[in-house]
1. Would you check which residues across region 197-207 are touching a residue at least 24 places away in the same chain (Cβ under 8 Å), part of a strand (DSSP E or B) and surrounded by fewer than 19 Cβ atoms within 10 Å (Cβ to Cβ) and list them?
2. Would you confirm whether any residue within region 169-187 is surrounded by 14 or more Cβ atoms within 10 Å (Cβ to Cβ) and within 22 Å of residue 103 (Cβ to Cβ)?
3. Considering only residues that are within 15 Å of residue 207 (Cβ to Cβ) and surrounded by fewer than 23 Cβ atoms within 10 Å (Cβ to Cβ), which ones fall in region 133-160?
4. Out of curiosity, is residue 215 out of contact with any helix residue (DSSP H, G or I) (no Cβ under 7 Å at 6 or more places or on another chain), closer than 19 Å to residue 163 by Cβ and modelled with pLDDT of 95 or more?
5. Does region 249-261 include one or more residues that are crowded, with 22+ Cβ neighbours inside 10 Å and part of a strand (DSSP E or B)?
6. Would you point out which residue out of 282, 208, 230 is modelled with pLDDT of 95 or more and under 21 Å from residue 83 (Cα atoms)?
7. When region 44-72 is examined, which residues are found to be touching a helix residue (DSSP H, G or I) at 6+ places or on another chain (Cβ under 9 Å) and within 21 Å of residue 92 (Cβ to Cβ)?
8. Which of (1) touching a helix residue (DSSP H, G or I) at 6+ places or on another chain (Cβ under 7 Å); (2) closer than 19 Å to residue 279 by Cα is the odd one out, the single condition residue 165 does not satisfy?
C-alpha cells in the first residue's frame, strides 16, 4: 500500500522561510564545518601497458620574480604579454618537484630523488612502497633538487638500490668542485652503472640524450605493450615560459643554446608521435602531451587517455 504526500504552497513557503533561521542557529551553536585548507595529493598513478607509473610530489615552492629565471632573453613587455595570455602572474611562480617511480613487475625504479631524504621517503611511502623495495635509482642529472634525497643522515636512503646515470653527466660533475655531488653522489659511485644515449636501464626503459640543461642531461623513454611515455626531466622547466617558447633562455640551463636545441628536438618528436611525457617541474601531476603551436609548442594536460 502506498501513500502520496502533498506539500501545500503555504507549507513550502513556511519551510523555506525557516531555513535562514535554522542555518543561523547552527552557526551560533558552533556547528559550522571548519575549513580544511588547500590540499594536493602526493601520488598520481597510471598504467602504461604492463608498467605502473607513479608521479610523486616530493615538494612544491613559490619563487618570486619569474623573469629572473625564465625568458631572460626577451623584453619585460613580451614576457608580460605572454603571461597575461596564459593567465599567469608575473610576480611569482610555483615550482613542483616530481620524481617518478616505475614498477615494471620485476623492478621498482625511481627516477630522481627530490630535495632531501625525508621528502622522497615520504613520497615513496605515500605510493604504497618502502624505500628498501626500490631496486634502482636513476639520476637524470646532478642538480641538487634531483640528487638531494640520495642520502639521509649520511646513509643511503635506498639501502638495496643500484644506481644508473649518464656517463657524460657524471664525468662533468666529477670534474667540478660541488659539495652536493660530493656528499650525495660520489659515495654511491661503486654501485653505479653509467650509460649513454640509447643505453638501457631495464627492459623497456631507454636513456635519451637531451644535453644543455646540464652537460649530460638525460631523458628516459618508457615502452610497454606498444605504449610509450617519456620522462623529460628538466628539458623544459615551465609549461609556458620554457616548453611553449623553447628559445626563451632559462637561468638554470648551463648551455642555453644547446638546451633550446634539445627542447625543439625532443618536444618535436613527442608532438609528432603523440607520446605523453612527465616533466619534473611541470604543473602537478606533471603528466601531459605536447602539440605544435606557431613557432613553439602547447602543453596539453593528460586527462584520461592512459586510463583507456
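1. Matches in region 197-207: 202 only.
2. Keep residues of region 169-187 that are surrounded by 14 or more Cβ atoms within 10 Å (Cβ to Cβ), which gives 169-170, 172-174, 178, 180-181, 183-187.
The next check asks that each one be within 22 Å of residue 103 (Cβ to Cβ); those that pass are none.
No, there is no match, as no residue in region 169-187 is surrounded by 14 or more Cβ atoms within 10 Å (Cβ to Cβ) and within 22 Å of residue 103 (Cβ to Cβ).
3. Scanning region 133-160 gives a single hit, 136.
4. Values: out of contact with any helix residue (DSSP H, G or I) (no Cβ under 7 Å at 6 or more places or on another chain): no; closer than 19 Å to residue 163 by Cβ: yes; modelled with pLDDT of 95 or more: yes.
No; evaluated as a whole, the condition is false for this residue.
5. Yes: one or more hits.
6. Details: 208 fails: under 21 Å from residue 83 (Cα atoms); 230 fails: under 21 Å from residue 83 (Cα atoms).
Only one candidate qualifies: 282.
7. 57, 58, 59, 66, 67, 70, 71, 72
8. In the conditions (1) touching a helix residue (DSSP H, G or I) at 6+ places or on another chain (Cβ under 7 Å); (2) closer than 19 Å to residue 279 by Cα, residue 165 misses (1) alone.
The values are calculated or read from the model by the stated rules, or taken from the named source; none is laboratory data. Since we're looking at a predicted model, the values are computed, not measured. With ideal geometry, Cβ positions are generated from the backbone for all residues, glycine too; neighbour counts draw on all protein chains shown.
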